Each structure stands twice: as structure tokens, then as C-alpha cells.
1. How long is region 1-112 along each principal axis, judged by its Cα atoms, biggest number first, in Å?
2. Where does each of 302-310, 173-181 land if you order them by average Cβ count within 10 Å, highest first?
3. Rg to Rh for the chain: what is it, with Cα atoms only and Rh by Kirkwood?
4. Output the pairs from Lys185/Lys321; Lys185/Lys211; Lys4/Lys114 with a Cα-Cα distance over 26 Å in this structure; if there are none, say none.
5. When the C-alpha atoms of region 199-281 are aligned to their principal axes, what extent does each axis show, in angstrom, from largest down?
6. Would you be so kind as to identify which of Gly191, His133, Leu106 lies farthest towards the positive end of the dipole of region 94-206, taking Lys and Arg as +1 and Asp and Glu as -1 on Cβ and the Cα centre as origin?
7. Projected onto the charge dipole of region 149-266 (+1 at Lys/Arg Cβ, -1 at Asp/Glu Cβ, origin at the Cα centre), which of Ser230, Val255, His165 gives the Cα projection farthest towards the positive end?
8. For region 167-178, take each phi angle, set θ = phi - 60°, evaluate the Karplus expression 6.51 cos²θ - 1.76 cosθ + 1.60, and give the result in whole Hz per residue in order, putting x for glycine and proline.
Amino acid sequence: MKNKPIKILAIETSCDETAAAVILEKNGKPEILSNIISSQADLHTKTGGVVPEVASRAHAEAIVPVVTEALLINSGKLEYQKAIKVLQNDITHIAVTNGPGLIGSLLIGFNAAKTIAYALDKPIIPINHIEGHIYSAIGQGKVEFPILALTVSGGHTSLTLMKDHGQYQIIGETLDDAAGEAFDKVARLLGLGYPGGPAISKLAEEFKGEKTFEFPRPILNNGTFNFSFSGLKTAVLQKVIDLKKEHGEKLPKQVKQEIAAAFEDAVVDVLVTKTIRAAEKFKPKAIILAGGVAANNLLRQTLELSTLNLKLATKFLVPPKIYCGDNAAMIGLAAFYHIQRGDYSTWDQVKVDSNLELAN
Ligand code: KG4
Ligand code: ZN
């Protein structure tokens, strides 16, 4: 009898999005059939950031409807009995984020996945969240290794060298704040909402004219591939204090636009310069940009252009913006390649770890 094609239900709840997706094997490649995301951004706007307890409660409410919607691809109705049939009869594997992230949030998706795997006797694949982000860029594509991946999100900033599927060597990471965290903190300083990245980037794009100041590029020339963003945030704070002395407590829009543009320039400059230096050293076949901050236009454009200028025949891969932020399709894509290597587990073998490291 012919084997059933791989059909994965993937679940992701590591931070503030409750997400589920279904991935189907088609001609030996993974295809995304559904990708449902229930965002809690509105819930966290009031506090200017994610309150873990609030996040896990929201996941607990959303998880069953989100999984159901993902299973009933584009049906538009929450027919739970139908979804259970799909789970029983069609889904071959369960994939789930098992870290890193907020433990209360992770546990909701993880235990949902584990329960399904237990009750229906299905194999389960635990996926590192950062690995998921990287696979959002690899997708179905035929990729050649080595790959150099710049992962930039609200919780992480790292440069990873991949010699093959599932083989990770971290060559640089942030010593303090993540790039996205810096965007969120500067947004708070300027009185913008949460998440701050899109708001800062919109303001920055509105800025027209010559910039009159620059922010520092922390540890740009320290000879490592590491990053540091906390000093940059402090520099922005100091500048805001100075500008308020000049313009009054309510900064004019034009001034805020200039701060946003100068800040974005500094972050993008550091990220791109270090990535390109790493590419010159390791000569990858592809450079990947992934994670929530990969939705940033300036970063996408600058890294793409710099990759072209390398003259190494290095490809540039970045996911469409909808797959940059947290989603479950990326978890399912990563799981697909684990399954192809015969790497899956049973429900009683998997563990969740809020500080999970990306390991081979
Ligand atoms: O990957 P992600 O959705 O969640 C984590 O794994 O952390 O990343 C969220 C981060 C937030 O800090 C958000 O401000 C940032 O990505 N972000 C952006 C943009 N869109 C989202 N940062 C800069 N420019 C953007 N357009
Ligand atoms: Zn993420």
C-alpha cells in the first residue's frame, strides 16, 4: 500500500500569537494549506508590551478555535466534529514549538499538541522557535548549503551558519536586547503603540529631508559577529530628553520622524554590516533574513542589495511579510524536514524549555 502523504498540524504559542497551520507534502515538497494566527497585539497595547499571565490566558481561550480553523482549511465555520475527523483520518504528524519563549504561553500550545499526539497516537515533532523562523525563509525552496541566517525578532537576534538541514552553528548573537525589543522600547519612548517595529518603520519612512544627527553603532568594530542594542536605546532616550528641552514636552511629528529614521538606520547598519562580514568569511550559498524584524523594508532592501554586491553568487532569501512574524506554518515547514530525516518522537519523549538553545 502506498504511504499516505505527510500532513502536519503545526502549533505555535511561544509569545503573543496563537497560531496553527496545516502543511501537506506535495511532490516531495511542503505546501502550506492553512495558516491561522490569532494576535493578542491589541490586548498588549495598553501595557506597551506582553504581560506573560495575560498572554497565556488568551492562548488558553484561542487555542481550540485556532486549531479547528486551521484543520478546516478555509471552511469559515468552526465545526469541531469535522475537525476531529480531519485530525483522526488525515493528519499524519503533530509539530509544536517547544521553546524558547514565555513558559506559560509555550505550555498552552505544547500541551494541546501533546494531548492530540497521545489521544490519537500520532508522532510529534518539537521545533525550536528560531529554527521555525529560519524555515519560513527556506520554505519549499531548493536550497544549497552553507546558509547564513540572520534571525531578528522581539526576543532574539542571531547569526547562524547552517551546513545542512538541522545543523546549526551560532556565530553571533545579541549580548543584551534583541533588535525587535529595541524597536519596541524606542516606540514606547516616542509614545507609539505595541508592537513598536511597524510604527517606528512607518514614521521613519515618512521622514523627508537631511538627517541632522546620528545614533551610535554599538560594537560594530569589535571583531565579533555579536550585537548589542541596549546602549542604542539609551542614546535615543538621551536625544529625546535633549530635543524636548528644545521643542517642549510634545515633540513635533517631523522630529519624531527623524528620531525613528536615525534609529532605524543605526539598527539596519549594524545588522547588515555584521551579516555581510560573516558572509565574506564563511562564503554561504544563501543569506536568510527571518523573524518579526525581517518585515522591515529598509532592512530587507539593504541586506538584499549588500548580498548582490558581495559578488559571491550568494542568494538572498526572505519570507513574504506575513510569514516574518510568529506563525505556525514556519513550525510545520521545519518539522517537514525533520520527518524527512526520520526525526520524530512520541508524546512521552518531548519536553518544553523556555530557554531552549538552537542545537543540532
Ligand atoms: O518574530 P516575532 O513576531 O516575535 C518574536 O519571536 O519575538 O517578532 C516580533 C518583533 C517585535 O519586536 C516587532 O516590533 C518587530 O518584530 N517588528 C518589526 C517590524 N514588524 C515587526 N521591527 C521593525 N520593523 C518592522 N516593520
Ligand atoms: Zn518569533
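We did not get these values from a lab; they are worked out from the coordinates using the rules stated. As the structure is a computational prediction, the values presented were derived from the model and not from experiment. Glycine gets a Cβ as well: all are built from the backbone with ideal geometry, and neighbour counts include every protein chain shown.
1. Result for region 1-112: principal-axis Cα extents of 55, 30, 21 Å.
2. Most protected by this proxy first, the peptides run 173-181, 302-310.
3. 0.99
4. Those over the limit do not exist; all pairs fall within it.
5. Rounded to whole Å, the extents work out to 47, 23, 21 Å.
6. Leu106
7. Farthest towards the positive pole: Val255.
8. Calculated HN-Hα couplings, in order: 10, 10, 10, 6, 9, x, 7, 6, 8, 9, 6, 7 Hz.
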